[in-house]
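What follows is a set of notes on a single structure, which appears directly below.
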Amino acid sequence: MLFILKTDSKIIHWLGSLCLSAILALAIGTTVNARSLGKGVITALKLNIRSAPEQDADVVVVLGKGEEVDILAANGGLGGWLKVRYKGETGFVRNRAQYIATRPSDKYATGIKLIKRASLMPKPTNKPADDVKLTISQSKKNIREKIEQETQKLEAFSEKEAKILEGLDAIDYALSKARVRATNLHRETRALSHEIDAIQVQISKLSNAMELNQTYAGTRLDALYRLHMMGSLEMAGPPASL
């Protein structure tokens, strides 16, 4: 009986080590195979799906609240990036509760549950079965308490983060409006500059024309004055002799 218990303990230890290795491989931030991750439902009013996992990447498509996407891959865990697909378009979105609610597929969720259960198994000991059960129960209790504490911290952080993001969205919207206004003003300024240049060209042409007209008018007036003087002399006749 003791031999069987030791053998079972070794098997459990081996399975636990194998499952823990799988957990570490998933948790190091590597990208998980996407096809079995499941679905995601948009929770934000408007959400930009970007071409790369970067905040400044180009926007592929804008989705509204309640729309559903396929989750292809996850990178970085909560707060990281999700690779999603929507009507043939593929892009990236931040993995945050205020943006998207994830719903894992049955196969993926079952695999995660098995890995979690295996990771909670205690290391084999030579204690009696009752002591082993007590240790397992205590470990489960400690894990549940730790999960509750981390969940509370995460909820508090998510609320603060949501407020910060709302402020950033407002700033980004204001900056976008300012950029559009500046672009329009620049365009109007360029148009006015072209109009001013055209008016100056017209003024220059008019000035040249006025100078030519003044010269021509002066010449004409001088000629008319001479003709008038000559006509006056002819009408008066020769001067009387003394």
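Rule-based calculations on the coordinates, nothing more; no lab input. Owing to the predicted nature of the structure, the values given are computational and were not obtained by experimental measurement. Cβ atoms come from the backbone with ideal geometry, glycine included; neighbour counts cover every protein chain shown.
Per-residue answers, yes or no, for (1) assigned to a strand (DSSP E or B); (2) over 20 Å from residue 37 (Cβ atoms):
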site	(1), (2)
49	yes, no
53	no, no
57	no, yes
62	yes, yes
69	yes, no
73	yes, no
79	no, no
82	yes, no
85	yes, no
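Of a type in the set (Val, Ile, Thr), closer than 30 Å to residue 45 by Cβ and part of a helix (DSSP H, G or I) - does that describe any residue in the range 193-212? No, the range 193-212 has no match at all. Does residue 164 satisfy the condition of being closer than 30 Å to residue 97 by Cα and within 36 Å of the chain's Cα centre (by Cα)? Considered against the rule, which asks whether it is closer than 30 Å to residue 97 by Cα and within 36 Å of the chain's Cα centre (by Cα), residue 164 comes out as yes.
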